[in-house]
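The structure under discussion appears below in the form of structure tokens.
The values are calculated or read from the model by the stated rules, or taken from the named source; none is laboratory data. In this text the structure is predicted, and so the values were computed from the model without any measurement. Every residue, glycine among them, receives a Cβ derived from its backbone with ideal geometry; neighbour counts consider all protein chains shown.
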Amino acid sequence: MREIVLIRHGATAGNLEKRYIGSATDEPLCSEGIEVVRSLIKRGRYPEAAEDALVITSPLRRCVETAGLIYPGVERTEAENLRECDFGRFEYKNYEELDGDSDYQAWIDSGGTLPFPGGEDPEEFKARSRNAFMDAVRDNRERSQLIFVVHGGTVMSVMSSFAKPHREYFDSCVSNGRGFICDIAGDGTLYVNGEI
């Protein structure tokens, strides 16, 4: 088995304001987000990079910056399809700003299963995330460790698809800078052996 590390990027200003920060917002880490990641580094929460480790990030700044803080000098690549969901009309808005919006209420009432107005269908996003993850695993099968620094939705999509025992999508919701350390079997099953 190989080690897979899944890390949600550090916090941005929009995250602190509980906004929908999707693929259309390329926001940097905020000072508080940087401090939380640095604190986790000092406390030894992130696994050390193996000699042959590869860090794989979403192309969005918040992921690239987080990877640079945690794993400076480690080989890194970006995967376009690991970017966050496109929240369409809800992008960079929070609950208070969307309160009273009939499209938002319909989306809430659906349990988050309806497509985002002008954005991505949640099931298509999950499939895109799953496929991008498995492509990265297949393309780098010779490496003993792959470290993914991605978005909360991406982490939840991967974990709900491959973790054993099975987890529902929201069961793998993690705070900014947190994540999972897993072993991956040949069939793609992820066995969690630690949390960040």
>> Please return the ranges of helices (runs of 4 or more DSSP H) entirely within segment 85-196 where 2 or more residues are buried (at least 18 other Cβ atoms within 10 Å of the Cβ).
In response: 102-109, 122-139, 152-162
> Out of (1) under 19 Å from V174 (Cβ atoms); (2) of a type in the set (S, T, Y); (3) buried (at least 17 other Cβ atoms within 10 Å of the Cβ), the odd one out for T25 is which?
Replying inline: (1)
>> Can you list residue pairs whose Cβ atoms sit under 9 Å apart, with the first residue in segment 79-96 being touching a residue at least 60 places away in the same chain (Cβ under 8 Å) and on the phi > 0 side of the Ramachandran plot and the second being assigned to a loop (DSSP other than H, G, I, E, B) and among the polar types (S, T, N, Q)? Count only pairs 6 or more apart in sequence or on different chains.
In response: Y92/T25
>> Can you pull out every residue in segment 24-59 that is under 22 Å from S129 (Cβ atoms), assigned to a loop (DSSP other than H, G, I, E, B) and either touching a helix residue (DSSP H, G or I) at 6+ places or on another chain (Cβ under 9 Å) or modelled with pLDDT under 95 (or both)?
In response: A24, T25, D26, E27, L29, Y46, S58, P59
>> Show the residue pairs meeting these rules: Cβ distance below 7 Å; 6+ apart or different chains; first residue within segment 168-196 and without any contact (Cβ under 8 Å) to a residue 40 or more places away in the chain; second residue surrounded by fewer than 15 Cβ atoms within 10 Å (Cβ to Cβ).
In response: T189/K164; N193/D183
>> Just to be sure before I move on: is L40 within 23 Å of S157 (Cα to Cα), among the aliphatic types (A, V, I, L, M), touching a residue at least 60 places away in the same chain (Cβ under 8 Å) and buried (at least 17 other Cβ atoms within 10 Å of the Cβ) in the structure I sent?
In response: no
